[in-house]
Structure formats: structure tokens, C-alpha cells
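Below: the structure, in C-alpha cells.
The values are calculated or read from the model by the stated rules, or taken from the named source; none is laboratory data. Nothing here was measured: the structure is a model prediction, and the numbers come from that model. Glycine also receives a Cβ, built like all others from the backbone with ideal geometry; neighbour counts cover every protein chain displayed.
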Amino acid sequence: MRIEFVTPWDVTDTDAWSGTIAPMYAALSRHAAVTPVWTGDIPPAPADRFLERGIGRLTDRTYSPHHAVLSSRRRGRVVAERVAASGADLVVAVAASTDIVYARLPQPVIQVGDTTFAALLGFYPIVDQLHPLAVRQALRVDRDARRATHSFAMMTDWAVRALVREGAPADRAHTVPFGPSVQPQVLAPREPHDELALLLVASDWARKGGPAALAAVEQARAAGHRVSLTAVGNLPSLPDWVDARGRVPRHTLPELYLQHDVLLELATANTAGMTLTDAAAYGLPVIATDVGGVATIVRDGETGLLVRPGEPCVADAVAAITKLTGGDRWRALSVGARAHHEALLNWDAWATRLLELADDATLPARTA
């Protein structure tokens, strides 16, 4: 089977789309003949660039050319030209609804994603900053892209439910979890540190629940539990007892995962961050808020502990930290996390499932 891999991201960039694109492309290439179609060089339509500048200057809202109709039409024309010459059997569009929506491709399209635009409204602060004109266009592009898509391979059950709620046929929307963003290692059985070492990875301090994590660990320490906190990412000023590393290169994350006992991710909004699949690959139990798509990646009581979002979050997180200071519970969750990675949260499992969907999508053409 010949597959065109359409994406605005560079398939050789190990940081692209939170570190998913390169391992995703590599895994699919191990199982099929795959050609990348990069769309990151297609500029927005002039009218959308004008609106982006004008709305940004005149209002307190933003405008996104990347989800606008005119720019999507421009992208579609270029994608149609690039795919037409390939003779591919199938198009896999990765975070690329705006690339395929108006391309009128003759091949069936499988969209790969982690959410829908509508699901982010009222959920992700950055989306709620968009101007109403931008929101209307993004919703239209998403709707039209659903009609141009044969099937969907979404990272979580939450994303699948959103698709179906928005009109996608239930039998065309499938949960296909992603693998990790960093290369997993062959692990010896892990043991927790005497002082439970918690890790917080926060590219967006507020959304990733930095304040709640800080409060929970502080309360656990005040209660006499031997716990420590390391924080990496875009950080504010933190107390001296926090090991604040700031931004770190992705290639250093494996060492951090191996040096710590628990990933703490008390996000207020989360489609299902790649740190969660990373943690599973390194046998790291997770304490996370049960929001968005998290429950697909973190199995409560098996690979980590889920806590309630909102007001109960900090108290629930303190209770979860307390449970994991006992070695036996931590060991069971660590084994469960690694098993979840080996069975499902890895890129070969992702590629195998995607090719099953590809076979279904191309069957009519192959049997005609």
C-alpha cells in the first residue's frame, strides 16, 4: 500500500507536534510505503494575513489564518497538486484538516488527531481568545473536513466522542492512542526513592496545573510525607524547596523520567499530553486530573491515579501522593504503566491499527 503522509510538520523534526510526528512517520514507514507531503511552506491567503494584523491591532482578540477558509482553500489546491503526482492509494492527514478539507482528493483520507476545534471551545484558554470570525471559520473548516474524510484515528475516547457529537459517523471514528514522544528504554524493575520524587512538566504553567501541583506537594510535605518536586518548562518564580529546571531539551526528558518516581499533571485542560505516554514508557505512575482525553492514557488504579478537576483537585492530589509513598502501591502502578505502553501506547501498535483502518478505507478500490 502506498500512503501519502500529509502534515504541516517536518517529519524529521523530533520536536514537531510535541514530539509525535517523527516517531509516527517512522513507525508507519516500517509497515508500508510512505511518502511525506509537507505543507508548512504554504503561506496564508493575503486576506487572512490582513485580518490577522487588523484584528490583533483593533481588538483584544486574535485571528488564526491557519484555520480560515481562504487559507484552507489555498492549501487544498497545493496539496491536490502534490498528491496527484504520487499515485498513492491512501492519504493520512496528521493534524492537517485544513490541508485536505478543500483538496478534493480522489484517495480516501484518514485524519489523525487528538481533538476537534469545537471540543477546545470553553476548554483551552488560547482558543477562547480567538475573534468570533475566526471561530466561525474554524468550525466551518472542521465540518467540511469531516465530510472529506473517510475515517478518523483519534488519540483518545474523549476526542472520538467529540467527533461523533459533531456529526462524524460512529463507525468511522476510532480511538488509536499515540506512543511516546521520546525513545523508550529496556527497563529493569524500578524502585521508588526513599523520598518520593515528583516530576512536573509544564509548558503552560497555568493550564498544566502548576499552581495546584505546587499546593498539593506543599501540603503533603507539611503533613510529614517525604516528597520532593522537580519542575521543568515555562516556570514562574518558585519556592526554594522546588528543583526548578526551566525549559529543557526533549532529549533530556528520558533521564528525568528515570530519576523520578511520579509524573504530576494536574492540568485544567488536556487533550492528553505526550508526557503521559512518555511516563508509561518509563514505568512512571501518573497523578493526573481526569479532564479531556486523560482517562484513555492513564488508567485509574492501574497505571496511575486520577483526581477530580476544580476545587477538589488539590485535596485529591494530596491523598494520591500519600498513597504512593507506600512502595507496594507504587510498584503495582509502575508495572501497570509499562505494560500499558508495551500493549497499546507505542508507535508500532499505533501503525498496526492505522493500517487496519487503511485496509478498510481502500477495500472498495481493491475489490472493484
Residue list for the range 207-231, restricted to those being in a loop (DSSP other than H, G, I, E, B), of a type outside the set (D, E, K, R) and within 16 Å of residue 195 (Cα to Cα): 223, 224, 225
Pairs where the first residue, in the range 183-200, is crowded, with 17+ Cβ neighbours inside 10 Å and the second is assigned to a loop (DSSP other than H, G, I, E, B), C-beta under 6 Å, 6+ apart: 190/283; 192/261; 196/261; 196/325; 197/260; 197/261; 199/260
Subset of the range 290-307 that is touching a Ser or Thr at 6+ places or on another chain (Cβ under 7 Å) and not aliphatic (A, V, I, L, M) - its residue that is nearest to residue 338 (Cα to Cα): 296
Condition met for residue 55 (over 30 Å from residue 254 (Cβ atoms), in the same structural domain as residue 355 (by TED's automatic domain parsing), among the aliphatic types (A, V, I, L, M) and modelled with pLDDT of 95 or more): yes
Single residue of 97, 64 found to be of a type in the set (Gly, Ala, Ser), at pLDDT 95 or above, closer than 19 Å to residue 117 by Cα and out of contact with any Gly (no Cβ under 7 Å at 6 or more places or on another chain): 97
Tabulated pairs, the range 127-141, first within 18 Å of residue 166 (Cα to Cα) and of a type in the set (D, E, K, R), second assigned to a helix (DSSP H, G or I) and at pLDDT 95 or above, C-beta under 7 angstrom, 6+ apart or interchain: 140/69
Subset of the range 52-95 [in contact with a Phe, Trp or Tyr (Cβ under 6 Å, 6 or more places away or on another chain) and without any contact (Cβ under 8 Å) to a residue 24 or more places away in the chain]: 52
Criterion (modelled with pLDDT of 95 or more, of a type in the set (Val, Ile, Thr) and over 18 Å from the mean Cα position of the chain (by Cα)) met by exactly one of 322, 271, 289, 277: 322
Some residue of the range 276-284 being small (Gly, Ala, Ser), over 18 Å from residue 330 (Cα atoms) and either surrounded by fewer than 24 Cβ atoms within 10 Å (Cβ to Cβ) or out of contact with any Phe, Trp or Tyr (no Cβ under 7 Å at 6 or more places or on another chain) (or both): no
Qualifying residue in the range 7-30 (condition: modelled with pLDDT of 95 or more, touching a Leu at 6+ places or on another chain (Cβ under 9 Å) and assigned to a loop (DSSP other than H, G, I, E, B)): no
Any hit, the range 9-27, residues being touching a residue at least 12 places away in the same chain (Cβ under 8 Å), touching a Phe, Trp or Tyr at 6+ places or on another chain (Cβ under 8 Å) and of a type in the set (D, E, K, R): yes
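Determine which member of the set 168, 88, 134 is modelled with pLDDT under 95 and more than 17 Å from the chain's Cα centre (by Cα). Spell out the reasoning first.
Details: 168 fails: modelled with pLDDT under 95; 134 fails: modelled with pLDDT under 95.
88 is the lone residue from the list that is modelled with pLDDT under 95 and more than 17 Å from the chain's Cα centre (by Cα).
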Scope the range 31-49; condition farther than 25 Å from residue 359 by Cβ and not in a helix (DSSP H, G or I); matching residues: 38, 39, 40, 41, 42, 43, 44, 45
Test: residue in the range 229-247 that is among the acidic types (Asp, Glu), out of contact with any strand residue (DSSP E or B) (no Cβ under 9 Å at 6 or more places or on another chain) and in contact (Cβ under 8 Å) with a residue 24 or more places away in the chain: no
Test: residue in the range 70-89 that is within 23 Å of residue 139 (Cβ to Cβ), of a type in the set (S, T, N, Q), surrounded by fewer than 18 Cβ atoms within 10 Å (Cβ to Cβ) and assigned by TED's automatic domain parsing to the domain that holds residue 354: no
